[in-house]
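Enquirer: There's a structure below that I have some questions on.
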Amino acid sequence: MRKEKKASEEEAPKGRFHSELFDWGEALILSLTIVILVFVFGIRIIGVEGSSMVPTLQNGNQLLVSNLFYTPEKGDIVILTKDSFMTSPIVKRVIATEGDTVDIDFDTGEVSVNGEVLNETYIAEKTQTHFDMDFPQTVPKGCIFVMGDNRNHSTDSRCEALGMVDTRYVIGKVLMRIYPVNEIGTVS
């Protein structure tokens, strides 16, 4: 009887160890699955290429972007893609949304939406560069009008190659800069 009791006492700790190991493994797999789903369907990390958003963003910045329940709004910084324009994602600022009328006075460098001149404290310099679009332009349904903050060095909705951007091409809104480390934080 003592041998039976001793054998069952030895099996109990061994069984508990296997049970705890299984629980940890299960929790790890569940956590990894959740992280993967969040990053695949909700949050992405995208790098800035080029200087079209200077001074707000610099070439090489890494951005945290989300598209969960997102509808573009004026002033948002968005990541978009349009294969007929460029194969890699691009970053721009939403200037106007569907139904808005955009006008640009290239002599004064002022951009106006629905007759109101925008207060653009975020731009590098006034808008002097004119591409192949004539203004004023009204943004069609389901589209947005975007521009880079580095207005005279940005190919954006002023150029027919990009033009008005269908909102289905918007990957998401920039939530924050995560690299370089000394510049981590929100961008506006």
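The values are calculated or read from the model by the stated rules, or taken from the named source; none is laboratory data. This is a predicted model, so every value here is computed, not measured. In this analysis, Cβ positions are derived from the backbone assuming ideal geometry, glycine residues included, and neighbour counts consider all displayed protein chains. We work out accessible area using only protein heavy atoms, side chains counted, and drop any ligands, DNA or RNA first. Shrake-Rupley method; radii C 1.70, N 1.55, O 1.52, S 1.80 Å.
Enquirer: Does residue 51 satisfy the criteria of being open to solvent by 40 Å² or more (accessible area, probe 1.4 Å) and modelled with pLDDT of 85 or more?
Expert: Yes, satisfied.
Enquirer: Here's a follow-up. So is residue 74 closer than 15 Å to residue 187 by Cα, basic (Lys, Arg) and open to solvent by less than 20 Å² (accessible area, probe 1.4 Å) or not?
Expert: So residue 74 fails the test.
Enquirer: So, of the residues in region 56-80 that are of a type in the set (S, T, N, Q) and part of a strand (DSSP E or B), which turns out to be modelled with the lowest pLDDT?
Expert: Per the stated criteria, the residue is 66.
Enquirer: Another one. Being in contact with a helix residue (DSSP H, G or I) (Cβ under 9 Å, 6 or more places away or on another chain) and under 25 Å from residue 121 (Cα atoms) is the filter here, so list the residues in region 51-94 that pass it.
Expert: The answer is 51, 52, 54, 58, 61, 71, 72, 80.
Enquirer: Looking only at region 118-145, how many residues end up being within 16 Å of residue 93 (Cα to Cα) and not aromatic (Phe, Trp, Tyr)?
Expert: Within region 118-145, the first condition is being within 16 Å of residue 93 (Cα to Cα), and the residues that meet it are 118-127, 139, 143-145.
Among the residues that remain, those that are also not aromatic (Phe, Trp, Tyr) are: 118-121, 123-127, 139, 143-144.
So the count comes out to 12.
Listed here are the residues, each with its yes/no results for (1) exposed (fewer than 14 other Cβ atoms within 10 Å of the Cβ); (2) touching a residue at least 40 places away in the same chain (Cβ under 8 Å).
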position: 85; (1), (2): no, yes
position: 88; (1), (2): yes, no
position: 118; (1), (2): no, no
position: 139; (1), (2): no, yes
position: 148; (1), (2): no, yes
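Enquirer: Among the residues of region 31-46, is any within 21 Å of residue 155 (Cβ to Cβ), of a type outside the set (Ser, Thr, Tyr), open to solvent by 40 Å² or more (accessible area, probe 1.4 Å) and modelled with pLDDT of 85 or more?
Expert: Step one: of region 31-46, the residues within 21 Å of residue 155 (Cβ to Cβ) are 46.
Right, trim to of a type outside the set (Ser, Thr, Tyr) and you get 46.
Next, only the ones that are open to solvent by 40 Å² or more (accessible area, probe 1.4 Å) stay: none.
Within region 31-46, none of the residues are within 21 Å of residue 155 (Cβ to Cβ), of a type outside the set (Ser, Thr, Tyr), open to solvent by 40 Å² or more (accessible area, probe 1.4 Å) and modelled with pLDDT of 85 or more.
Enquirer: Could we say that residue 59 is open to solvent by less than 60 Å² (accessible area, probe 1.4 Å), among the polar types (S, T, N, Q) and closer than 30 Å to residue 182 by Cα here?
Expert: Against the criterion (open to solvent by less than 60 Å² (accessible area, probe 1.4 Å), among the polar types (S, T, N, Q) and closer than 30 Å to residue 182 by Cα), residue 59 does not qualify.
Enquirer: Follow-up. What are the residues in region 90-116 that are of a type in the set (Val, Ile, Thr) and surrounded by 14 or more Cβ atoms within 10 Å (Cβ to Cβ), if any?
Expert: If the condition is that a residue be of a type in the set (Val, Ile, Thr) and surrounded by 14 or more Cβ atoms within 10 Å (Cβ to Cβ), then 90, 91, 94, 95, 97, 101, 102, 104, 111, 113 are the ones that fit.
Enquirer: A further question follows. Filter region 150-176 down to the residues that are within 19 Å of residue 99 (Cβ to Cβ) and open to solvent by 10 Å² or more (accessible area, probe 1.4 Å) and list them by number.
Expert: The answer is 164, 166, 167, 168, 169, 170.
Enquirer: Is region 129-141 home to any residue that is of a type in the set (Asp, Glu) and farther than 16 Å from residue 55 by Cβ?
Expert: Yes; the residues of region 129-141 include at least one that is of a type in the set (Asp, Glu) and farther than 16 Å from residue 55 by Cβ.
Enquirer: Inside region 94-188, counting only strands (runs of 3 or more DSSP E) that do not spill past its ends, which hold 3 or more residues that are at pLDDT 95 or above and touching a Pro at 6+ places or on another chain (Cβ under 8 Å)?
Expert: Result: 101-105.
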